[in-house]
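This report concerns only the one structure given below.
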Amino acid sequence: MNASKERVLEILAGYGNDGANLIAILQDVQAEYNYLSEENLTLIADTLGLSVSKVYSVATFYENFSLEAKGKHIIKVCAGTACHVRKSGPIYDAIYEYLGLHGKKKTSDDGMFTLETVACLGACGLAPVMTVDGEVHAKMDPETALALLEDIRKKEAQE
Ligand code: FES
């Protein structure tokens, strides 16, 4: 058995393999792997004795579950009112284009970045704000945002 499967079974056992705990189980598995893979959703359904479609419908209903693998670095652009007024939209658009995203695709092809929006980060005085891997970057504009991502790419290339 691979380690990932073992870990998911451990989480399931921690909830008594009880389907009534499905949401909590999905939250824990997502916290562990950043997203819910097809393999893990099937494993959860099989272990709980639920249909795969039932587990999928719960996973797709709640917005905070992701069925797409996320990138190594998570970028969040604040879409709260203060940031929106100070033009966080063009920052999001510039990153979206820079990463070559399209439609609902939120992760760059190289698996390096995932782009998301977030509601007010509570740092409105620093608007417009974005975070990379949880670190807050204040008073951004499209140029400084792209320079920041270029820097991360360069550092990654050196490693
Ligand atoms: S609206 Fe962006 S930090 Fe408050």
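Here are some notes:
- Residues located in the stretch 106-119, provided they are open to solvent by 40 Å² or more (accessible area, probe 1.4 Å) and assigned to a strand (DSSP E or B): Thr117
- Among all residues of the stretch 101-113, there is at least one that is touching a Ser or Thr at 6+ places or on another chain (Cβ under 6 Å) and either more than 14 Å from the ligand (Cβ to nearest atom) or free of Cβ contacts under 8 Å to residues at least 12 places away in the same chain (or both).
- Condition check for Ala69: touching a helix residue (DSSP H, G or I) at 6+ places or on another chain (Cβ under 9 Å) and surrounded by 14 or more Cβ atoms within 10 Å (Cβ to Cβ): no
- Residues located in the stretch 40-63, provided they are open to solvent by 70 Å² or more (accessible area, probe 1.4 Å) and either within 16 Å of the ligand (Cβ to nearest atom) or in contact (Cβ under 8 Å) with a residue 24 or more places away in the chain (or both): Tyr62
- Each residue in the stretch 133-159 was checked for being among the aliphatic types (A, V, I, L, M) and open to solvent by 80 Å² or more (accessible area, probe 1.4 Å), and 1 of them qualify.
- Residue that is nearest to the ligand (Cβ to nearest atom), among those in the stretch 120-132 that are of a type in the set (Gly, Ala, Ser) and open to solvent by 30 Å² or more (accessible area, probe 1.4 Å): Gly122
Residue-wise test of (1) touching a residue at least 24 places away in the same chain (Cβ under 8 Å); (2) assigned to a loop (DSSP other than H, G, I, E, B); (3) of a type outside the set (Phe, Trp, Tyr).
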site	(1), (2), (3)
Leu121	yes, yes, yes
Pro128	yes, yes, yes
Met140	yes, yes, yes
Ala145	yes, no, yes
Glu150	no, no, yes
Arg153	yes, no, yes
Glu156	yes, no, yes
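The values are calculated or read from the model by the stated rules, or taken from the named source; none is laboratory data. Here the structure is a predicted model, which is why all the values come from computation and not from measurement. We place every Cβ from the backbone using ideal geometry, glycine too, and count neighbours over all the protein chains shown. Keep in mind that these areas ignore ligands, DNA and RNA; they rest on the heavy atoms of the full protein, side chains included. Shrake-Rupley method; radii C 1.70, N 1.55, O 1.52, S 1.80 Å.
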